[in-house]
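See structure below.
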Amino acid sequence: MVKIFDTTLRDGEQMAGVALAPEEKLQIALALDEIGVDIIEAGFAAVSNEERTAIKNIAKETSRASIASLARLNKSDVDAAASADVDMIHVFIATSDIHLKYKLGITRDEALQKIGEVVSYAKSYGVRVLFSAEDATRSDLDFLVKAYRTAVDAGADEINVPDTVGVMTPSRMAYLIRYIRERIPPVPIHVHCHDDFGMAVANTISAIENGAEVAQVVVNGFGERAGNAALEEVVAAAHYLLGMKTNIKMEKLYELSQLVSKLFGIPVPPNKAVVGENAFSHEAGIHVHGVLNNPFTYEPMRPEDVGNRRRIVLGKHSGRHAVEWALKNIGVQPTEDLISHVLNAVKEISIKKVKIDENVLREIVADWQRRR
Ligand code: KIV
Ligand code: ZN
């Protein structure tokens, strides 16, 4: 079983140009709760009173998921998170030398001392505490393990391994998770991957295969810079490629993707895996022929199982089977003559970059009828 920790409302909202109103945050949180997310990171309580109130409201209105707030590793951030009535306080501090020196201006020893002190302070609120070592993947390994041990000894219930600037590969991630797992007490390990090299989902899956229990994800892969590991891709890959269960109702993935896209004001790229408009679209004649006979010839999962749908697209690469199917689909009898006419017209029109949807197809048919 893989647990899903969704951070659409925190790391996702940190995406350039995105700001959600409290009621929009609530709408997304309710959808995440409904779809079966285990932990919803609802925000960063110390950011503002409005943010804290929004998190508090999400904690009140959701019924199934645990609610978390992010907090920097200081007491006032922890107080702000606790006052939002969350189930989990997610504290973080960077552990890489570059962050310690240039961002925090503290030594490794000072960082360890803060970890011990603030994690036990957060724990005194009686909620679950998740400890993140920001930039874990560029940290000295021995120091990283020391940081996690200090956090767990101080009461952290779970630890997170963030690939903050997305520099991992699946094999390096496998090594890192095993290395940490063998050296710290048996608490759940989260993985949090960014997509700077387009590796976030692959690295998340590798972490899961190698002992991480919780995947931190964002719907549509939204998030800072190139974004985070996409919820829908991690869930589908865990299910179909690893044969691992999650609590996610997969048939609602497309609907969730559309909702988040609408409220973030960011379109879903058409070629986006699982939830994109093209994820189950077929144009090339050979593919369409195969798919119409047996969809698994060119589809790795059933579109309806993830709430998406199959689209047979007419275009430059179409063959007779696709045209026959498209004509039947709009209720027109596909005679051999008509198929030939449509096929010629489609090839001519499509190179002018016109999308051949049902309306265009009807016009082609009407033109053919007029000419007879
Ligand atoms: O990317 C990151 O390191 C984070 C942490 C705060 C978990 O988002
Ligand atoms: Zn992040």
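Does PRO303 satisfy being open to solvent by 40 Å² or more (accessible area, probe 1.4 Å) and closer than 28 Å to GLY12 by Cβ? Criteria not met by PRO303.
Identify, from the list LEU256, LEU263, the residue that is under 18 Å from VAL2 (Cβ atoms) and of a type outside the set (Ser, Thr, Tyr). I'd like the intermediate steps shown before the answer.
Details: LEU263 fails: under 18 Å from VAL2 (Cβ atoms).
Within the list LEU256, LEU263, the selection yields LEU256.
Could you list all residues from the range 1-59 that are polar (S, T, N, Q) and away from ligand 2 (no atom under 16 Å from the Cβ)?
Initial filter on the range 1-59 (polar (S, T, N, Q)): 7-8, 14, 27, 48-49, 53, 57.
Result: GLN27, SER48, ASN49, THR53, ASN57.
Name the single residue, out of those in the range 78-136 being within 16 Å of ligand 2 (Cβ to nearest atom) and without any contact (Cβ under 8 Å) to a residue 40 or more places away in the chain, that is nearest to ILE189 (Cα to Cα). That would be HIS99.
Per the listing ILE4, ILE28, ILE55, the residue uniquely under 21 Å from GLY227 (Cα atoms), within 16 Å of ligand 1 (Cβ to nearest atom) and of a type in the set (Val, Ile, Thr) is ILE4. Consider only pairs whose beta carbons are under 8 Å apart and that are at least six residues apart or on different chains; among these, list those whose first residue lies in the range 322-350 and is in contact (Cβ under 8 Å) with a residue 12 or more places away in the chain and assigned to a loop (DSSP other than H, G, I, E, B) and whose second residue is open to solvent by 70 Å² or more (accessible area, probe 1.4 Å) and of a type in the set (Lys, Arg). So the pair list comes out as ILE330/ARG362.
Summed over the range 226-248, the residues that are touching a strand residue (DSSP E or B) at 6+ places or on another chain (Cβ under 9 Å) and either of a type in the set (D, E, K, R) or away from ligand 1 (no atom under 16 Å from the Cβ) (or both) give a count of 7. Restricting the range 89-121 to residues that are farther than 17 Å from ASP142 by Cβ and assigned to a loop (DSSP other than H, G, I, E, B) leaves a set whose member that is least open to solvent (accessible area, probe 1.4 Å) is ILE106. The set of residues in the range 59-77 that are assigned to a helix (DSSP H, G or I) and over 23 Å from ALA156 (Cβ atoms) comprises LYS60, GLU61.
Mind listing just one residue for me: the one in the range 205-228 that is touching a Lys or Arg at 6+ places or on another chain (Cβ under 9 Å) and assigned to a helix (DSSP H, G or I) and, of those, surrounded by the fewest Cβ atoms within 10 Å (Cβ to Cβ)? If we take residues in the range 205-228 being touching a Lys or Arg at 6+ places or on another chain (Cβ under 9 Å) and assigned to a helix (DSSP H, G or I), then SER206 is surrounded by the fewest Cβ atoms within 10 Å (Cβ to Cβ). The number of residues in the range 229-288 being acidic (Asp, Glu), surrounded by 18 or more Cβ atoms within 10 Å (Cβ to Cβ) and assigned to a loop (DSSP other than H, G, I, E, B) comes to 1.
One line per residue, one yes/no per condition, for (1) under 18 Å from VAL86 (Cα atoms); (2) more than 24 Å from the chain's Cα centre (by Cα):
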{"site": "THR107", "(1), (2)": "no, yes"}
{"site": "VAL118", "(1), (2)": "yes, yes"}
{"site": "PHE131", "(1), (2)": "yes, no"}
{"site": "ASP142", "(1), (2)": "no, yes"}
{"site": "ASP153", "(1), (2)": "no, yes"}
{"site": "ALA156", "(1), (2)": "yes, yes"}
{"site": "THR164", "(1), (2)": "no, no"}
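PHE296: modelled with pLDDT of 95 or more, among the aromatic types (Phe, Trp, Tyr) and farther than 19 Å from TYR240 by Cβ, yes or no? No: the conditions fail for PHE296. Selection over the range 179-225 of residues that are of a type in the set (A, V, I, L, M), farther than 20 Å from GLU134 by Cβ and more than 16 Å from ligand 2 (Cβ to nearest atom) gives a count of 3.
Output the residue which, of all residues in the range 1-47 that are over 17 Å from the mean Cα position of the chain (by Cα) and assigned to a helix (DSSP H, G or I), is surrounded by the most Cβ atoms within 10 Å (Cβ to Cβ). It would help to see each step written out before you state the result.
Residues of the range 1-47 over 17 Å from the mean Cα position of the chain (by Cα): 1, 17, 19-24, 26-27, 44-47.
If we keep only those that are assigned to a helix (DSSP H, G or I) too, we end up with 22-24, 26-27, 45-47.
Numbers: PRO22: 15, GLU23: 10, GLU24: 18, LEU26: 19, GLN27: 16, ALA45: 27, ALA46: 19, VAL47: 17.
Top of the filtered list is ALA45.
So which of VAL161, VAL187 is within 14 Å of ligand 1 (Cβ to nearest atom) and among the hydrophobic types (A, V, I, L, M, F, W, C)? Before you say what the answer is, go through the steps one by one.
Values: VAL187 fails: within 14 Å of ligand 1 (Cβ to nearest atom).
Step by step, each of VAL161, VAL187 is checked, and only VAL161 is within 14 Å of ligand 1 (Cβ to nearest atom) and among the hydrophobic types (A, V, I, L, M, F, W, C).
Of all residues in the range 48-71, those satisfying the criterion of being in contact with a Ser or Thr (Cβ under 9 Å, 6 or more places away or on another chain) and either basic (Lys, Arg) or surrounded by fewer than 19 Cβ atoms within 10 Å (Cβ to Cβ) (or both) are ARG52, LYS56. Can you tell me which of (1) farther than 23 Å from ASP11 by Cβ; (2) outside any loop (DSSP other than H, G, I, E, B) is the one VAL129 doesn't meet? That leaves (1) as the condition not met. Within the range 172-204, the set of residues being of a type in the set (Phe, Trp, Tyr) and in a strand (DSSP E or B) is empty.
The values are calculated or read from the model by the stated rules, or taken from the named source; none is laboratory data. This structure is a prediction, so every number in the text was calculated from the model and none was measured. Backbone-built Cβ (ideal geometry, glycine too); neighbour counts: all protein chains shown. Please note that ligands, DNA and RNA were not included when accessible areas were found on the heavy atoms of the full protein model with its side chains. Shrake-Rupley method; radii C 1.70, N 1.55, O 1.52, S 1.80 Å.
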